[in-house]
Amino acid sequence: MTDLDQRIASALRERAEGEIDTHRLLRAAQARGRRRKLRRRAATGTALALVGVLGFVGATGTDVAGLSGRLPWAAATPAAATPAVAAPVPPRADGVSGAAQRPDLVGTDPQVLHLGVDTSQARYLGWAVYRSNQLESIRFNIGGGQPVLVEVSRSAQMINELLIDGVPLQEAVVRLTFDGAVRQFGRTGHGLVTAWQPAPGLYARASMLVGDRSVLVKAVDAIRWDEARRCVAPLRLSTLPEGAAVSACSVDVAAFPGGLRAELTLYREPSATMWVKLLYGVQIGESTTESNRVVGGRPGYLYPDGTKLELLGFPKAHLTADFGWPEKGFTEADATTVLAGVQVAKDLGDPETWD
């Protein structure tokens, strides 16, 4: 489940006297939540550039990797100047089939993307997998132009009911017939969207808030359905609390090399949710927070409300585990377990050190 899905489901379970159909309620509420979230984030402008101003209070088994949540891409379009380092690319998942060969795998593993883009034409801005929605997405641009968001699912209904990248419901809902036609949306008609079936049993949508049809068509042509990539960033988790699993993963590198945001969602039945977040920005100052916890032998900081734990000591970055919702969910001990086993790349500004 996504974090909002899980919160709503939990509330319904606690208050319902019998079995109820939560599916439609969850999707409608999720859409409203994304809309509110987008408005809050938009207020920050170019989000990562303001991280230093907004600030923070202070700063077992197989490897688990993955991250969830993104910054507003309309405000985080990369600068025209060519960065000194190569743009991040999700690494290939060796031995895993792409969506064209195995459409049934799409959205089943929050650590794997079953599609990619031709990097000779496109630059990755972000990628995500949401297991509860059977949804995978990639965000990219062609030649430094407007961002394009591609979403793919095994459910046509899921694709049709999603907002188009957070645009208000009354403006963005477009019933799609998956025929490949390019349609306009929004009050101004500047938004463009197209939907099609890249493989039997698979449904895809590509959209952009502004732009022209030729750019959208070129972006669709740049998608590669015959490859699989790992949904990872410069963060890996080697330990999870008992009974917990990764439920969602996303990475936002639109502002790279100036910064990046990554978030990993952990879920444990019936409703426990934890968000492991990594925020890196070149303008983030050195943390002056004094440690009040020990996390795997390293200094940590428990925030005053007792629901968020930070592992200190990462230059220009904050790594936190937010475990405070709902009340009967994960604990500080669980957050300590996760952060104690975390592995962070040697140089967050150099993708070559990430994998």
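The values are calculated or read from the model by the stated rules, or taken from the named source; none is laboratory data. Just so you know, these numbers come straight off a predicted model, no measurement behind them. Positions of Cβ are backbone-derived with ideal geometry, glycine not excepted, and every protein chain shown enters the neighbour counts. For the accessible areas, the whole protein counts, side chains as well, though only heavy atoms, and no ligand, DNA or RNA atoms are used. Shrake-Rupley method; radii C 1.70, N 1.55, O 1.52, S 1.80 Å.
Heavy-atom accessible surface of residue 210, to the nearest 10 Å², is about 60 Å², with a 1.4 Å probe and all protein chains retained. Shape analysis of the range 251-321 places it in the oblate category; the axes a ≥ b ≥ c from the Cα gyration tensor give an a/c of at least 1.5, with a/b not above b/c.
So which GluC sites (Glu not before Pro) in the range 242-330 end up in coil per DSSP with only 14 or fewer other C-beta atoms within 10 Å? Let's see the in-between values first.
Working: sites: 242, 263, 286, 290, 310, 327; in loops: 242, 286, 290, 327.
Those that pass, being in a loop and sparsely packed, are 242, 286, 290, 327.
Of the trypsin sites (Lys or Arg not before Pro) found in the range 165-238, the ones in coil according to DSSP and having at most 12 other Cβ atoms within 10 Å of their Cβ are 175, 187. The HN-Hα couplings worked out from phi for the range 94-106 by the Karplus form 6.51 cos²θ - 1.76 cosθ + 1.60 (θ = phi - 60°) are 4, x, 10, 6, x, 4, 5, 7, 9, x, 5, 8, 4 Hz, whole numbers, x standing for Gly and Pro. 3J(HN,Hα) couplings calculated from phi for the range 319-324 with the Karplus curve 6.51 cos²θ - 1.76 cosθ + 1.60 (θ = phi - 60°) are, in sequence order, 10, 10, 10, 9, 10, x Hz; Gly and Pro show x. Our estimate of slack between residue 226 and residue 196, defined as 0.36 nm per intervening residue step minus the Cα-Cα distance, is 9.2 nm. If the Kirkwood radius is taken over C-alpha pairs of the range 209-355, then at 10 °C and 1.306 mPa s the Stokes-Einstein diffusion coefficient equals 94 µm²/s. Averaging the inverse of every distinct alpha carbon separation and then flipping it gives the Kirkwood radius. What is it for the range 113-202, in angstrom units? Answer for the range 113-202: a Kirkwood hydrodynamic radius of 14.0 Å.
Accessible area of residue 163 (1.4 Å probe, protein heavy atoms only, ligands and nucleic acids ignored): about 10 Å².
Centroid-to-centroid, using Cα positions, the range 89-137 and the range 187-229 are 15 Å apart. Label-to-label distance for residue 155 and residue 292 is 4.1 nm, based on points extended 7 Å past Cα in the beta-carbon direction. Here the 3J(HN,Hα) profile of the range 258-273, calculated from phi with Karplus coefficients 6.51, -1.76 and 1.60 at θ = phi - 60°, is x, x, 7, 9, 9, 8, 10, 9, 10, 9, 9, 4, x, 7, 6, 9 Hz, Gly and Pro shown as x.
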